[in-house]
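The values are calculated or read from the model by the stated rules, or taken from the named source; none is laboratory data. Note that the structure is predicted; figures quoted are calculated from it, not measured. Positions of Cβ are generated from backbone atoms using ideal geometry, with glycine treated the same way; all protein chains shown enter the neighbour counts. These area figures cover heavy atoms from the full protein model, side chains too; ligands, DNA and RNA do not enter into them. Shrake-Rupley method; radii C 1.70, N 1.55, O 1.52, S 1.80 Å.
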Amino acid sequence: MQDNMINVIALIQLRAFARQYGFFLFLLWMASFVAYFTNPASSWGSLLAMSTPFVVGWFLVRFRNGALDGHISFRRGLVFSFYTFFYASLLFAVAQYVYFRFFDNGALLSMMLATVKQLEPVYKANGMSLNELRQSINAIGQLSPIEIAFVFMMQNFLFGLIMSFPIALICQRGMKVRNKHTL
């Protein structure tokens, strides 16, 4: 009975820390999103987004060292990482919905079309059909704000699930077993 109680308490603790760090990951993603939309020519938005696995790894190490005395199993690290991505994805989806519903006014679609126009020679050189690409972009333009936010949320869930494995593997640290013959 006591083992189950310990596991429940450990899960509650893990989820509480993941919610807190998920909020900070959400802030990172918002900074990336704002940087991308305010200055698409800059690489800051992409750099912030690409730092995500390193930031989540840092969060996991902080959780491991601060709450777990420097020890965390692969499984607990995996669950912590995924919950962190999960909570950040939920918050980010809400923020994206608000943006696309009230503030976008077609800016995303315009940026995508401008990107296709700039890259037309590359697409033609590689034998890609520009009509299919434009149809895909127009299909994205037909999505409602909630559908766009949902697509991004699912993408973030999948990315989080995939990235949680290497993050947990790299950041795990087991307890050192002392030999009873050594002091």
Problem set entry | Sequence-separation-based contact order of the chain, relative, with Cα cut under 8 Å and 6+ spacing, percent | 31 percent
For this session: Pick out, from Phe100, Trp29, Ser136, the residue whose Cα sits farthest towards the positive end of the charge dipole of the chain, with +1 on the Cβ of Lys and Arg and -1 on the Cβ of Asp and Glu.
Result: Trp29
For this session: Treating only the Cβ atoms of Lys and Arg (+1) and Asp and Glu (-1) as charged, compute the dipole magnitude of the stretch 58-136 about its Cα centre; round to the nearest 20 debye.
Result: 200 debye
Seminar exercise, completed: the chain: longest segment with zero exposed trypsin sites (Lys or Arg not before Pro), where exposed means DSSP loop plus at most 13 other C-beta atoms within 10 Å, is residues 1-175
For this session: Using only the Cα atoms of the stretch 84-183, each taken as one equal point scatterer with no solvent, compute I(q) by the Debye sum, divide by I(0), and report log10 of the ratio at q = 0.11, 0.22 Å⁻¹.
Result: -0.55, -1.07
Exercise. So what's the angle, to the nearest 10 degrees on a 0 to 90 scale, between helix 145-171 and the longest Cα principal axis of the chain?
Worked result: 40 degrees
Problem set entry | Residue-wise HN-Hα coupling along the stretch 78-86, computed from phi with Karplus coefficients 6.51, -1.76, 1.60 (Hz; x: Gly, Pro) | 5, 5, 4, 4, 5, 4, 4, 4, 4
Exercise. Can you pull the three principal axis extents for the Cα set of the chain, in Å, largest first?
Worked result: 73, 36, 27
For this session: Beyond 18 Å, what share of the Cα-Cα pairs of the stretch 41-128 is found? Please give it as a whole percent.
Result: 66 percent
Problem set entry | Cleavage-rule hits, chymotrypsin sites (Phe, Trp or Tyr not before Pro), the stretch 93-130, DSSP coil, Cβ neighbours within 10 Å at most 11 | Phe103
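Give me the percent of the accessible area of the chain that comes from carbon and sulfur atoms, probe 1.4 Å, all protein chains in place.
Here it works out to 65 percent.
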Exercise. Helix 2-38 versus the longest principal axis of the chain: what angle, 0 to 90°, nearest 10, using Cα atoms?
Worked result: 30 degrees
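Give me the 1.4 Å probe accessible area per residue for the stretch 51-183, excluding ligands and nucleic acids, in Å².
Per-residue value: 65 Å².
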Seminar exercise, completed: With Pro145 itself left out, Lys, Arg at +1 and Asp, Glu at -1 over residues whose Cβ is under 13 Å from its Cβ give -1
